[in-house]
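Please read the structure below before turning to the comments.
The values are calculated or read from the model by the stated rules, or taken from the named source; none is laboratory data. Just so it is clear, the structure is predicted and the values come from calculations on it, not from any experiment. Heads up, the Cβs are rebuilt from the backbone with ideal geometry, glycines too, and the neighbour counts pull from every protein chain shown.
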Amino acid sequence: MPETTAPVTARPTATPSEDVAELRRIAVQLAETAAAHVRSRRPEVFGPEGARDGAVHTKGHPTDPVTIVDTESEDLIRRLLAEVRPGDPILGEEGGGGSLAGGDRDAVHWVVDPIDGTVNFLYGIPGYAISVAAVRDGQPIAGAVVDVARAATYSAALRMGATKVTGDGTVEHLRCTPVRSASMALVATGFAYGKHRRARQAELVAQILPEIRDIRRLGAAALDLCFVAEGRIDAYYEHGLNAWDWAAGALIAAEAGAQLRLPAAISPGVAGELVVAAAPGVANELIELLERVGATDAIPDA
């Protein structure tokens, strides 16, 4: 597996405030390294004649794919983390790993989504990302999300703000939109792979859509959360996410001023709990709307 950027490097032990900044730096390097690998591998694996034999498999549902590049990306992140943070537990979408429950409350766990938006990646739709978060005592404290196709890096550290850095080095400090009315809110959501949950999600959209500006379905939760932070959308909600889907993006959104409603980090996606991130001017009104239509209830994966 080819290296695509400089290796991740460790630095001496830091003070608490410097600690989260260092974890953010590591998350950025890991996510950018994996993104460069994914970017280079896509044309090799998905050429003009389609996917190579054995390049795509399915997981719990026939429509839920995992590609060889997902696995390579996670393996790369795990190997680099073992070099720079030996002993830190790692929870990854494809490789599983350390539980976020119990244990040393001061320990840093890494939560990794090697390609968020795999269906977009499979089809060549520019909406997939690498997500890496450092979590302590069940709370994200540093994280990075790289929009692979656009070569844009979103990152944040607890109480240190959120930024977006583009390929030309431009740095943007992220803030949510100033929207004040849910009726004018552009809201993103996502849909599950299982038929039962998907049908209920469709029912909810039908009730929510008349009350807001419009709905968007982007297909990558980590990017949805970053887009709330950036002001590309006003709010986002979805049922049934796992910690690797939201850990880094939720921190980025929160540091940009969003108000969030999150499940416990240990809650599995099959439980179907709700994730919400919204610009502060519409958060309360949007939550009230979601409660009114029953969207705040979990939708277990039947």
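Looking only at segment 15-47, residues that are touching a residue at least 60 places away in the same chain (Cβ under 8 Å) and within 18 Å of the chain's Cα centre (by Cα) come to 12 in all. The set of residues from segment 179-224 being at negative phi, at pLDDT 95 or above and part of a loop (DSSP other than H, G, I, E, B) comprises 179, 180, 181, 185, 190, 191, 212, 213, 218, 220.
For first residues located in segment 102-120 and closer than 14 Å to residue 90 by Cβ, partners that are modelled with pLDDT under 95 and of a type in the set (Gly, Ala, Ser) and lie 6+ apart or on another chain with Cβ distances below 7 Å form the pairs 109/98; 112/92; 114/92.
Scanning segment 269-300 for residues that are of a type in the set (D, E, K, R) and either under 25 Å from residue 174 (Cα atoms) or over 20 Å from the mean Cα position of the chain (by Cα) (or both) yields 285, 288, 291, 292, 297. Scanning segment 163-222 for residues that are polar (S, T, N, Q) and buried (at least 16 other Cβ atoms within 10 Å of the Cβ) yields 163, 177, 189, 201.
Surrounded by 16 or more Cβ atoms within 10 Å (Cβ to Cβ) and either closer than 23 Å to residue 123 by Cα or assigned by TED's automatic domain parsing to the domain that holds residue 268 (or both): is that true of residue 72 in this structure?
yes
Going by the conditions given, is residue 265 more than 18 Å from residue 93 (Cβ to Cβ) and in the same structural domain as residue 222 (by TED's automatic domain parsing)? Judged against the criteria, residue 265 is not a match. Only one of the listed residues (271, 229) is buried (at least 23 other Cβ atoms within 10 Å of the Cβ), at pLDDT 95 or above and over 22 Å from residue 121 (Cα atoms). That residue is 229. Filtering 225, 274, 218 for residues that are in contact (Cβ under 8 Å) with a residue 12 or more places away in the chain, in contact with a Ser or Thr (Cβ under 8 Å, 6 or more places away or on another chain) and among the aliphatic types (A, V, I, L, M) leaves a single hit, 274. Looking across segment 8-40 at every residue that is part of a helix (DSSP H, G or I) and modelled with pLDDT under 95, the one that is nearest to residue 120 (Cα to Cα) is identified as 19. Can you find a residue in segment 255-268 that is surrounded by fewer than 20 Cβ atoms within 10 Å (Cβ to Cβ), under 17 Å from the mean Cα position of the chain (by Cα) and β-branched (Val, Ile, Thr)? Yes, some residue in segment 255-268 is surrounded by fewer than 20 Cβ atoms within 10 Å (Cβ to Cβ), under 17 Å from the mean Cα position of the chain (by Cα) and β-branched (Val, Ile, Thr).
The set of residues in segment 288-301 that are under 20 Å from residue 245 (Cβ atoms) and aliphatic (A, V, I, L, M) comprises 290, 295, 298, 299.
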